[in-house]
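Contents: one structure, followed by commentary.
Nothing in this text is a laboratory measurement; each read-out follows from the coordinates by a stated rule. These numbers were taken from a predicted model, which means no experiment stands behind them. Cβ coordinates were reconstructed from backbone atoms using ideal geometry, including for glycine residues, and neighbour counts include every protein chain displayed.
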Amino acid sequence: MALHFTSEQRLDETVLERAFALGDIPGFLWTPASASGSAPTPLILLGHPTLGLGRMYPRLVTRARHAAKDGFAAATIELPGSGDRPRRAALERARADLRRVLETGEPVGDEIIDALTLPLVDEAVPECRAALDALLALPEIGGPVGYSGGVISIGVRLAAVEPRIVAAGLFAGSFVPRATFDEARRVTVPLHVLLQWDDEGNDRQAALDLFDAFGSKEKSLHADMGGHTGVPQWAGDVAARFFTRHLGQPPAAPAGGTPLARRRGATPTGR
């Protein structure tokens, strides 16, 4: 798929934001001022939930600014069936089924989780790989590549099948199909997993079991007390140090401690 830039603006003197279309898929690319054809920068592919780029833009641009400060480009694309992209009837039915179950307080069964997640993963992962093809062809973008956040099942599949991704930061907190646990065993890149301990919509034990399933020799789990939207600032700072360590850039600040593995019922202070 061909990539065409549709607009650009400077957010400040250090970050260039360009909107693009990858075929009919909208996306954004943010590059630091240091990026050039003679000094290509590593890339972080930013994942996000299925709320649409319009609603997620403030959070995404904050993450992109943080990446640019550390010397990285960041990019994201709209997910299938989200934002202004055509709706997927099967996905809409699965979302309606999920809302109904959550409203009644019933447990969310594997059938709904599979219908909600697996078709999305099957479509989104090839699109993400096509985006990497196009973005890495730009003279100012080089390797290596990191993946950060979003629907965790998409991140697991990408980390398992895409050799250009050398490190992944994943957000626990979405429903995980059983098939994703099998794929997790194939993941070998360094991992940093963020878990909100009191996330009201997250199956904490499933998140811990998925962390156990990853085949990576280097993996850390950073757990903070609080709900889904209560991620503290320092958790982002620790995740940033993870990417500076693995994408080949000098750290912006001393690490200040070792990664937290797993500490049940406690509030981590750093990793």
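Observations, loosely collected:
- DSSP-defined antiparallel bridges as percent of all bridges, the chain, nearest 5: 45
- Contact order, relative form, for segment 1-150: 29 percent (alpha carbon pairs under 8 Å, 6 or more residues apart, mean separation divided by residue count).
- Counted charge near residue 74, where neighbours are those whose Cβ lies closer than 9 Å (Asp, Glu -1; Lys, Arg +1): +2
- Note on segment 68-221: Kirkwood radius taken over Cα pairs, Stokes-Einstein applied at 20 °C and 1.002 mPa s, translational D equal to 129 µm² s⁻¹.
- The chain: most fluctuating residue of 88, 245, 100 per GNM, C-alpha cutoff 10 Å: 100
- Here segment 72-150 was treated as a single set of alpha-carbon atoms; its pair distances binned every 10 Å from 0 give 15, 38, 27, 15, 5, 0 percent.
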